[in-house]
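The values are calculated or read from the model by the stated rules, or taken from the named source; none is laboratory data. Just so we're clear, the structure is a prediction, and the values are computed from it rather than from any experiment. Heads up, the Cβs are rebuilt from the backbone with ideal geometry, glycines too, and the neighbour counts pull from every protein chain shown. All accessible areas refer to the heavy atoms of the entire protein, side chains included, with ligands and DNA or RNA removed. Shrake-Rupley method; radii C 1.70, N 1.55, O 1.52, S 1.80 Å.
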Amino acid sequence: QVQLVESGGGLAQPGGSLRLSCAPSRSIFSAKTMAWYRQAPGKQRESVAAISSGGTATYADSVKGRFTISRDNAKNTVYLQTNLLKPEDTAVYYCQGKLTTTRWGSDADYWGQGTQVTVSS
């Protein structure tokens, strides 16, 4: 069973940066759109950013100009560079990807287990 594995979360000061990474737990055939979501305590999960296989990126208004999503198609890995962090960015960040795990399979949605990002002085 393939899983998406996130890394790079942690504690940052306001105005600081963190770089999140997400990769499949084993080799897969391909990945279509990959995305980052986040969920703060007591709030619903929300979309942060998404990127197509061709590199087209979209962002939530709350992170535009501060966060950058990118991907390495050779590794089927997606990244989220978070800059100018604010306390309200504190949340568990989840990676999501539409993956095709084998050459003859169909694509399906996969989620990571989440990585905590805490922004505090």
Item checked: Breaking point among (1) modelled with pLDDT under 95; (2) open to solvent by 30 Å² or more (accessible area, probe 1.4 Å); (3) touching a Phe, Trp or Tyr at 6+ places or on another chain (Cβ under 7 Å), for GLY9 -> (1)
Note to self: Being surrounded by fewer than 20 Cβ atoms within 10 Å (Cβ to Cβ) and in contact with an Asp or Glu (Cβ under 7 Å, 6 or more places away or on another chain) is the filter here; which residues of the stretch 61-102 pass it?
What the structure shows: LYS98, THR100
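Yes or no, residue by residue, for (1) within 14 Å of the chain's Cα centre (by Cα); (2) farther than 19 Å from ASP109 by Cα:
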| residue | (1), (2) |
| --- | --- |
| GLY9 | yes, yes |
| LEU18 | yes, yes |
| LYS43 | no, yes |
| SER52 | yes, no |
Checklist line | In the stretch 66-87, the residues that are free of Cβ contacts under 8 Å to residues at least 12 places away in the same chain and either touching a strand residue (DSSP E or B) at 6+ places or on another chain (Cβ under 9 Å) or under 16 Å from GLN39 (Cα atoms) (or both) | finding: ASP72
Notebook entry, point to check: Restricting attention to the stretch 103-121, and to residues there that are hydroxyl-bearing (Ser, Thr, Tyr) and not in a strand (DSSP E or B), which single residue is least open to solvent (accessible area, probe 1.4 Å)?
Noted result: SER120
